[in-house]
Amino acid sequence: MDSPASVRRRVRTLGSLTIAFALLLPIGLPGLAPRAWASGVRVYHDVQYGTAGGTSLLLDVYLPTDGANHPAIVVVHSGGWSKGDKSDWAEQATYLAEQGYVAFVPNYRLAPRSLFPAAYQDLQTAVLWIRQNATRYSVIPTEIAAFGGSAGGNLAALLGTDGTGPLDQGSRVDAVVSWSGPMDMSAIGHLSRYLGRNYTQAVVQQASPITFVDGCDPPMFIANSTHEFVPLQQAVDMSNALKAVGVPEVFTAVDGSKHDLGYQKLVWPATLDFLTKYVGYMPSANCSQARAGGGGGGSKVIWIFAGALVLLAFGAVFVLQKNRARKVLGS
C-alpha cells in the first residue's frame with residue numbers, strides 16, 4: 001500500500017501536469033498557435049530570386065524563429081513605380097513575421113528605365129521562387145498572400161486579379177492587402193513615366209487590377225483615405241467589382257488625407273484579422289478544388305477536440321488520485 005507521502009507527491013504531480021497542459025494547449029497544437037510570437041525574427045538580406053534585363057533581382061526574408069512552417073506574404077514596397085527600396089518596408093515585414101508569417105520583400109525593376117510590365121513580372125517571378133524554395137524558408141507553399149501600399153498596392157492587387165488557375169499554384173496568390181493602391185489606371189495621371197511615352201489604352205487596362213476581376217480571384221483587403229491623392233472612388237469601384245462576382249472583400253475608408261503608411265496604425269488590426277481569416281483561401285465555385293475552412297479550419301477543430309479529451313483525462317485521473325489520497329490519509 002502506498003504511503004501517505006507518496007500519494008501526496010503523486011497528486012501534486014498530476015495537478016501540476018494538468019495545469020501545465022491546460023496552459024500550453026492553445027500554443028502546443030498544430031494550427032492553434034497564436035499569430036503573435038514571442039520568439040524573434042531572423043532576417044536574410046539580398047537573397048537573389050531571379051535575373052531580368054541583366055540585373056540580379058534581390059529580396060529580403062523575415063522569418064519567424066520558432067521552427068514551424070508558416071504562410072508567406074510578399075510585401076511590395078511603394079514609390080510610384082519609379083523609386084523605393086525593399087528596406088523601406090522593413091518595419092512592416094518584421095511586424096508580419098512577429099505575427100507568424102514569413103515576409104518576403106522583393107526589389108523590382110523601376111521605371112522609367114524598366115517600363116510596365118517589368119515590375120509586375122518580377123513579382124510573379126518572386127512568387128514562383130518562394131514556392132520553389134518553400135522548404136528552405138519554412139513556408140507553406142499553398143498559402144501565399146500579397147501586401148502592398150500605393151504603387152505596391154496596385155502591384156499586389158494585380159497579382160491577385162491577373163491570371164487563371166488555382167490560387168495555390170504558379171505565381172498566383174490567395175489573399176491580397178492593398179493600402180492606397182490604384183485600381184483603375186485610367187483615372188491616374190502622369191503615367192508616361194511608368195507605361196511609356198506612347199502608351200495605349202490597352203496598356204492602361206493591363207496595368208489596372210480592376211480589369212481582370214472575376215469570381216476566381218482571391219479575397220482582398222482595400223484601404224484608402226477619403227481625401228488622399230489616390231481617389232477614394234478607386235477603392236469603392238474595386239470593392240463593388242469584387243462584390244459583384246462574389247469574391248470576399250473588406251473595404252476600409254480612412255478619414256483624412258493620409259496615404260498608405262501614413263494611416264497604417266489605423267488599419268493594422270483589421271488587416272491582420274483579414275490575413276488570419278483568408279490566407280489559404282480557395283474559391284469554391286468553378287475555379288479549383290476548395291480547401292475547407294480557409295486553410296485548415298477543419299483540422300483545428302479536430303485538434304481542439306483531441307486536446308480537450310486529453311485535458312479531461314488528466315483531470316479525471318487527478319480527481320481519482322485526490323479521492324484516493326483522502327481515503328489513505330483519513331484511514
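FYI, it's all coordinate maths here, none of it is from the lab. For clarity, every value in this text was computed on a predicted model and none was experimentally measured. Virtual Cβ from ideal backbone geometry, glycine too; neighbours counted across all protein chains shown.
Give, in whole angstrom and from largest to smallest, the semi-axes √(5λ) of the equivalent ellipsoid of region 123-165, with λ running over the eigenvalues of the Cα gyration tensor.
Equivalent-ellipsoid dimensions as semi-axes: 20, 12, 8 Å.
If packing is taken as the average number of other Cβ atoms within 10 Å across a peptide's residues, how do 167-176, 147-156, 82-91 rank, most packed first?
147-156, 167-176, 82-91
Let me know the Kirkwood hydrodynamic radius for region 86-131, please, with Cα pairs as the basis and the value in Å to one decimal.
Over region 86-131, the inverse of the mean reciprocal pair distance is 11.7 Å.
Throw me the Rg/Rh for region 243-286, computed over C-alpha atoms with Kirkwood Rh, two decimals.
The Rg/Rh ratio comes out at 1.07.
Bin width 10 Å, alpha-carbon pairs only: give the P(r) of region 157-211 as whole percents, running from 0 to the bin holding the largest distance.
With a bin width of 10 Å, the distribution comes to 22, 45, 27, 5.
So how long is each side of region 60-174 along the principal axes, counting just the alpha-carbon atoms, biggest first, in Å?
On the principal axes, region 60-174 reaches 41, 33, 19 Å in Cα extent.
Net charge within 13 Å of ALA241 by Cβ-Cβ distance, Lys/Arg positive one each and Asp/Glu negative one each, not counting ALA241 itself?
-4
Let me check I've understood the local charge: for LYS258, count other residues with C-beta under 12 angstrom from its C-beta, Lys and Arg +1, Asp and Glu -1. What total comes out?
Every neighbour counted, the sum reads -2.
Using Cα-only point scatterers and the Debye equation, what is log10 of I(q)/I(0) for region 58-112 at each q in 0.14, 0.19, 0.21, 0.22 Å⁻¹, rounded to two decimals?
Once normalised to I(0) and log-transformed, intensities are -0.36, -0.60, -0.70, -0.75.
I'd like the projected area of region 198-244, averaged over all directions, using the convex hull of its alpha carbons. Report it in nm² with one decimal.
So the Cα hull casts an average projection of 4.1 nm².
Using the Kirkwood formula over every pair of different C-alpha atoms, what hydrodynamic radius in Å results for region 112-252?
15.3 Å
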